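Each remark here refers to the structure printed beneath this line.
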Amino acid sequence: MTSLMSTDRCSRRQMLTGMTLGAAALMPPWAGTAVATPSPAALLVAPPTSGASAKEIVALVDAAIGEYHLKAAIVRVLIDGEELVTIARGESMSGVPATPEMHFRNGAIAISYISTALLILVDRGVVSLDDPLSTWLPDLPNADNATLRMLANMTAGYTDYVTTDAFAAANAADPFRQWTPEELIAIGLDAGRFFVPGESWAYSHTDYVILGLAIERITGEPLDQVLRDLVLDPLGLVNTASFGTPEIPDPVLQAFTSERKSVLEIPPEVRFYEESTFWNPSWTIARGAIQTTNIVDLAASVDAIGEGVLLSPGSYREQTSRTLAGFGSPIDGCATCMSLSEQTPYGLGIWLVGDWLAQNPAFGGYAAFMAYFPARKVAIAVSVTVNEEAFDDAGNFLVSNASVAVGAAIATLLAPESPLVGSNRAP
């Protein structure tokens, strides 16, 4: 189904009228020094031009459906806040066409909301980025040496619970389990530390679960209410909400996966493809930031975060700072410890991929991607689900997050001078 929507079209100036200024891929494909994502060149349906049309993007998405074995692909592109194209292709489930209104899990997108909320609190003089964590969570190990900044830029050194054998086994055995922040943090702490706060860099869900608790202590409010008041409502994100259960509002984009095939010891020759729509996402990010959204809100989010509309100029510079370029190092036994590339460092809750700002969550058969190119004011939002053919005989994804490949191809089409991946501007 194709739906080129004209609804919800609003310019950035309209979006800001009346504004009060005051999330789950383990590792993104651009992290480190190599890009695992296939080159977008195979998807381009015409030579790249800066004046690409909606029809070219639609054709690109059509090509991606077959190229990456997508069950559904929902895409929205904005230029300077104005809709260029919104399209839904494929099916949610058999016989049910995907539509742009469908809701899906946004995973790590909420990391950018959390860091934005933190910076708003900085702008209001409530906290400083360099305040020690012990001010609010004094019983946490190394809280005297870790700061709010270190949590937000993932240099605090708390081991990512997702990488531990204890968590992996428990979560694979029961994907419907309800996890608490305290349980997740404890798993990370029990695994020990690979570096002291500020000494290196590692992608860490634990850092943001802790940061969520700290923000609750700072504000005296649940994190979901903080994010609603400081970020979601000011940006008009009416389709984005946090739930304490696996709930997804109607209409729902269904998800399916073969990820548990090896864990369940299913022989390679036996087909295995299960629905994962309502797997419990309670482990994926901070309590209160576990959200669902739709493609309209996803595009509006990256457009606003990319422009820094909620932040002071100083806080926007902090969020998009390239200070960590070249920082960190691989550490034996640490799956997510690395040296950040010069071209792709981590800011405060956002990846800086060449000249783009980006996030790419993936969880239980869902995958999404958002990216913003400030020089051209291009905002790209992509959400995909996959068919059984997207997995190998062991249940591994053939492409870790196909939404990145689709988004990168659109980026090349719209801004050929600064491709998102596959050039010397990305690792």
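Read-outs: derived from the displayed coordinates by stated rules, not from any lab. This one's a predicted model, so the numbers in the text were calculated from it and none came from an experiment. Because the Cβ atoms are built from the backbone with ideal geometry, glycine has one as well, and the counts that use them run over all protein chains shown.
Only counting other Cβ atoms within 10 Å, I'd like SER339, SER403, SER315, SER53 sorted with the fewest neighbours first.
SER53, SER339, SER315, SER403
Mind checking the full-extension length gain between SER339 and ALA394? Use 0.36 nm per residue of separation minus the Cα-Cα distance, one decimal, nm.
Answer, rounded to one decimal: 16.8 nm.
Kindly identify the chain as rounded, prolate or oblate by the Cα gyration tensor criterion: order the square roots of the eigenvalues as a ≥ b ≥ c, call it rounded if a/c is under 1.5, otherwise compare a/b with b/c, prolate if a/b is larger, else oblate.
The shape class here is rounded.
Would you mind putting 341-347, 409-415 in packing order, based on average other-beta-carbon counts within 10 Å, highest first?
409-415, 341-347
Counting Lys and Arg as +1 and Asp and Glu as -1, each charge on the Cβ, what is the dipole of the chain about the Cα centre in debye, to the nearest 20?
With only Lys, Arg, Asp and Glu charged at Cβ, the dipole is about 920 debye.
Taking the dipole about the Cα centre of the chain, with the C-beta of Lys and Arg at +1 and of Asp and Glu at -1, give me whichever of THR180, ALA402, ILE305 is farthest to the positive side.
Towards the positive end, the residue furthest out is ILE305.
How much length would be gained if the chain were fully extended between ARG317 and LEU189, taking 0.36 nm per residue of separation minus their Cα-Cα distance, in nm to one decimal?
42.9 nm
Would you calculate a helix-derived [θ] at 222 nm for the chain, using -39,500 (n - 2.57) for each DSSP H run of n ≥ 4 and dividing by the full residue count, to the nearest 500?
About -7500 deg cm²/dmol.
Scaled to the compact-protein estimate 2.2 N^0.38 Å, what is the alpha-carbon radius of gyration of the range 145-273, rounded to two decimal places?
That works out to 1.28 for the range 145-273.
Give the share of C-alpha pairs in each 10 angstrom bin for the range 283-427, from 0 to the last occupied bin, in whole percents, shortest bins first.
The distribution over the range 283-427 is 11, 35, 39, 14, 1, 0, given as percents.
When the chain is fully extended, how far beyond the present Cα-Cα distance does LYS55 get from ALA173, taking 0.36 nm per residue of separation?
So the chain would gain 38.0 nm between LYS55 and ALA173.
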